[in-house]
Amino acid sequence: MTISTVNSYAVTSSTTSTTSTDDERTTVDSDEFLLLMVEQLQNQDPTNPTDTSEYISQMVDYASYQTQADISDQLTTITDTLSGFMSSQGLGYLGQTVEAVGNTTSLQDGEAQWSYSLDSDAESVTVSILDEDGNTVHSASGETEAGSHSFEWDGLTSEGDQLADGGQYTIQVEAVDDEGNDVSGYTTVIADVSAVDSSGDEAVLGIGDASVLLENVLAVRATQ
């Protein structure tokens, strides 16, 4: 009696038809895995059947893989949830350098940074730094071209005194064109976030002794 051997072709054909229907799929689910095993059993070589222990080993391996895949999916979900929570509460900004709409910042590591914009070219621009009491502690000429300009202050007063880190300092920009019209735009502060307060209705980022609203953050910059 002649017994035809068909297991090699049948298993290959079954596997191909299962995985080639969708080029983007790289895994099989539990139902497909069981179908493949049944197909393999039905088409094995009767003269050389597969050892039962091999099937058990395959099932154990698959179960282990499936468990790891499920855990990986759960961890991804948890990570995404935490990331979204940290972003909404401002926690992800801790230690980062941010640029936010505002005019008041604090001396950090002996310097303070702002940017200011001009709606059009100015004839003259005067940049003043005021302390918490409204006193002008530093004054300088600024750039006059239309657009955005950065302004860095080293904490030195107009008299040459070095101010200590901390405190709250406000930038004031007076810009007029050749007809005496005000052409000053908005200002931003650039500072490292040292604290986050989400106890109120709006999250607040601490930048030294000053603060900015989370919703006013325009950009996150690479820390120098």
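The values are calculated or read from the model by the stated rules, or taken from the named source; none is laboratory data. Worth saying up front: this structure is predicted, and the values here are computed from it rather than measured. Quick reminder, even Gly has a Cβ in these numbers, built from the backbone with ideal geometry, and neighbours come from all protein chains shown. Areas reflect the complete protein model, heavy atoms only, side chains present, ligands, DNA and RNA absent. Shrake-Rupley method; radii C 1.70, N 1.55, O 1.52, S 1.80 Å.
Worth pointing out:
- Residue match in the range 170-185 (condition: among the hydroxyl-bearing types (S, T, Y) and modelled with pLDDT under 95): no
- Residue that is nearest to the chain's Cα centre (by Cα) [pool: residues in the range 119-138 that are open to solvent by 50 Å² or more (accessible area, probe 1.4 Å) and within 26 Å of E159 (Cβ to Cβ)]: E132
- Looking across the range 92-118, the residues that are touching a Gly at 6+ places or on another chain (Cβ under 9 Å), over 18 Å from L218 (Cβ atoms) and surrounded by fewer than 21 Cβ atoms within 10 Å (Cβ to Cβ) come down to S106, Q108, G110, E111.
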